[in-house]
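Take a look at the structure below.
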Amino acid sequence: MRQCIIFILYLLCTFTARSQSVLTPEQTGSIYYAYPAPPSVHTPAPAGYEPFYISHYGRHGSRWMTADERYTEVICVFDSLYQCSGLTPLGMDVRQRLHKVWEDARGCSGSITPLGERQHREIAERMYHNFPQVFREDAFVDARSSTSLRCAMSMSYFTERLKELNPALHVERRAYHRYMDYIAYTSPEGEKFSSEKASWRRGFREFEKKNVRPGRLMASLFVKPDAIADPDAMMRSLYWIAADMQNVELDLSFYDIFEYEELVGIWKTVNARMYVCNAAAPLNSGLMPRCAVPLLRNILESADVAIKKGTPAADLRFGHDTHLIRLLALMQIEGCSNQEADMEKFHLAWQDYRVSPMGANLQIIFYRDKKNDILVKLLLNENEVTLPIKSEFGPYYSWNVVKDFLEKRTGTN
C-alpha cells in the first residue's frame, strides 16, 4: 500500500511538472505574447503603512509588426507562386488569410493596436484603484517615454485614463531624445555583443538548425518546396505573423499550419537570443544587464526626490521589451536573473513571454507609516515578486535595504 501511494504521488508530481512546462500556442509567440490577466488578490501591507509613491517602467502595448516588409515580403512569395499554380490548397488558403492580415496592417506597422490601447488603460485603472492614496487630490504624475510613437501613445493612453479617474491630477508627459539615455540605452559594447558578427552566434546558429525544421511546413504550402530560396526565413516569417494575431482585432489564426513542436522549436531559438542579448545569460558576462544601469540610477534618484518631497506622486516610464528585461535582470528580480550556461536548457531557466509580454511592466510601490519608515513592494506584470533580500514582511522590503542593494547593482555603493 505504501509503495502504491508513493507511486501515485510520483505520477501526480510528474503530471504537474509536465503540465506547467507546456506552453500555449500564444506563449510560443515569445515577446509577442499579449498581456495576460493579472491576479486579483495582493498581500495586504503591514499595519500602519499606506502607499504614497509609485516608480514604474512599462513596455508599450500590443502592436502590429514593426515594418511593412515583414508582411509584404511573405505575401509577394505567395502571390508569385499563385500565378504559376505553385500553391497547395492549404497554401492558397493561407494566401487569402495573409491578404486579410495585410489589409488590416497596411499603414500601421510598428504602431500600437486597439488592444494595446486597452491594455494600458486597464493597467492604469488597476493601479489607480489598487493604490488610491498615490493618486488623491492633485498628486503629481511625471510620465516620460521613448521617442518611439508606440511608446508615446502607450504613455498617452495610460495617463489619459488616470486623468479620467481624477481630473485634478497634475500630469506631465514628455517624449524627448534626452530621456533615451536611460529609457532605452544600449552601450557600444552591448551593441557589438548583440550583433550578427558576435562570436557566440556560431553556436547559436547550430542551435537554430536543430530547432527550426521547415521541410514539412514548406511541403504543405508549396507544390515545389524547393522554389523557396530560404525556407528557414519563410517559416520564421509565418511564425511571427501567427504570433502577432493575438495582438490585433482579427478573427484569424495561422496556428493550424504549424505542428505544436515546430512552434516550440522556433520559440526556443527566439527565447535563447533574447536571453543572451538581454538577460543574465553567462554568455554575456553581465554586459547586457549593465546596459540598464542608467535606468536603475534614474529610478533611485527619482525615488530620493519623491521621498524628500513626501507628497503623493508617480514616476511613469514607457519603453521597450529589451530594456525592461535588462533592468529586471540587473535588479535580480525573482525569475528574471536565472543563469544557465547550457543553451539546450535556456528555456527552462528563463522565458521571454513570462518576463516581457506586450504591455509588460514593473511597478515599485512605496509605503510609509507615521514615523516615515518606508517599505517597498515590487510588482512584475502586476504579480508580486521578490528580491534576493531577507524580509520579515513577506513581499514588503525595507527601502533602506533595497536601496543599498540596488546601489551596489549600479556600482555606486
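The values are calculated or read from the model by the stated rules, or taken from the named source; none is laboratory data. Worth saying up front: this structure is predicted, and the values here are computed from it rather than measured. Quick reminder, even Gly has a Cβ in these numbers, built from the backbone with ideal geometry, and neighbours come from all protein chains shown. For accessibility, only protein heavy atoms count, side chains too; no ligands or nucleic acids. Shrake-Rupley method; radii C 1.70, N 1.55, O 1.52, S 1.80 Å.
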**Fill in**
The one condition residue 213 fails out of (1) assigned to a helix (DSSP H, G or I); (2) basic (Lys, Arg); (3) over 24 Å from residue 321 (Cα atoms) is (1)
**Message:** Could you check region 318-339 and list, in sequence order, the residues that are touching a Leu at 6+ places or on another chain (Cβ under 7 Å), open to solvent by less than 20 Å² (accessible area, probe 1.4 Å) and either free of Cβ contacts under 8 Å to residues at least 12 places away in the same chain or closer than 17 Å to residue 62 by Cα (or both)?
**Reply:** 324
**Item:** Residues within region 214-237 that are of a type in the set (Asp, Glu) and either touching a helix residue (DSSP H, G or I) at 6+ places or on another chain (Cβ under 7 Å) or farther than 21 Å from residue 85 by Cβ (or both), tallied
**Value:** 2
**Prompt:** Quick one: residue 186 ticks every box in (1) within 23 Å of the chain's Cα centre (by Cα); (2) surrounded by fewer than 15 Cβ atoms within 10 Å (Cβ to Cβ) bar one, so which box is it?
**Reply:** (2)
**Prompt:** Scanning region 132-156 for residues that are in contact with a His (Cβ under 8 Å, 6 or more places away or on another chain) and either surrounded by fewer than 20 Cβ atoms within 10 Å (Cβ to Cβ) or β-branched (Val, Ile, Thr) (or both), which turns out nearest to residue 62 (Cα to Cα)?
**Reply:** 147
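Among the residues of region 378-396 satisfying the criterion of being modelled with pLDDT of 95 or more and more than 23 Å from residue 182 (Cβ to Cβ), which is most open to solvent (accessible area, probe 1.4 Å)? Steps first, please.
The initial filter retains those residues of region 378-396 that are modelled with pLDDT of 95 or more, namely 378-389, 395-396.
Filter again for more than 23 Å from residue 182 (Cβ to Cβ), leaving 382-384, 386, 388-389, 395-396.
Numbers: 382: 9, 383: 66, 384: 56, 386: 60, 388: 81, 389: 30, 395: 20, 396: 4 Å².
For region 378-396, the residue satisfying everything is 388.
Among the candidates 125, 103, which residue alone is of a type outside the set (S, T, N, Q), closer than 18 Å to residue 157 by Cα, modelled with pLDDT of 95 or more and open to solvent by 30 Å² or more (accessible area, probe 1.4 Å)? Can you show your working first?
Values: 103 fails: closer than 18 Å to residue 157 by Cα.
It is 125.
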**Asked** Can you tell which of 325, 374, 365 is within 24 Å of residue 269 (Cβ to Cβ), at pLDDT 95 or above and of a type in the set (Val, Ile, Thr)?
**Response** 325
**Request:** Output the residue which, of all residues in region 177-213 that are in contact with a strand residue (DSSP E or B) (Cβ under 6 Å, 6 or more places away or on another chain) and not β-branched (Val, Ile, Thr), is nearest to residue 343 (Cα to Cα).
**Result:** 184
**Prompt:** Based on what the data block shows, is residue 72 farther than 28 Å from residue 261 by Cβ and either part of a loop (DSSP other than H, G, I, E, B) or modelled with pLDDT of 95 or more (or both)?
**Reply:** yes
**Fill in**
Apart from one, (1) under 18 Å from residue 23 (Cβ atoms); (2) open to solvent by less than 30 Å² (accessible area, probe 1.4 Å); (3) of a type outside the set (Phe, Trp, Tyr) all hold for residue 241; the odd one out is (1)
**Request:** Within region 284-300, identify whether any single residue is more than 27 Å from residue 29 (Cα to Cα), modelled with pLDDT of 95 or more, surrounded by fewer than 20 Cβ atoms within 10 Å (Cβ to Cβ) and of a type in the set (D, E, K, R), and answer yes or no.
**Result:** yes
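If I filter region 15-38 for residues that are assigned to a strand (DSSP E or B), modelled with pLDDT of 95 or more, within 30 Å of residue 109 (Cβ to Cβ) and hydroxyl-bearing (Ser, Thr, Tyr), do I get at least one hit?
Taking region 15-38 and keeping what is assigned to a strand (DSSP E or B), we get none.
Checking region 15-38: not a single residue is assigned to a strand (DSSP E or B), modelled with pLDDT of 95 or more, within 30 Å of residue 109 (Cβ to Cβ) and hydroxyl-bearing (Ser, Thr, Tyr).
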**Request:** Please work out which residue is nearest to residue 142 (Cα to Cα), limiting yourself to region 165-203 and to residues that are in contact (Cβ under 8 Å) with a residue 12 or more places away in the chain and basic (Lys, Arg).
**Result:** 173
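Provide a single number: the residues in region 60-81 that are over 22 Å from residue 32 (Cβ atoms) and loosely packed, with under 15 Cβ neighbours inside 10 Å. Steps first, please.
Let us first name the residues in region 60-81 that are over 22 Å from residue 32 (Cβ atoms), namely 76, 79-81.
With the extra rule that they be loosely packed, with under 15 Cβ neighbours inside 10 Å, the set shrinks to 76, 79-80.
Residues meeting the conditions: 3.
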**Fill in**
By residue number, the members of region 106-118 that are open to solvent by 10 Å² or more (accessible area, probe 1.4 Å) and either among the aromatic types (Phe, Trp, Tyr) or under 21 Å from residue 38 (Cα atoms) (or both) are 112, 114, 115, 117, 118
**Flag if residue 168 is surrounded by fewer than 15 Cβ atoms within 10 Å (Cβ to Cβ) and either modelled with pLDDT of 95 or more or acidic (Asp, Glu) (or both)** = yes
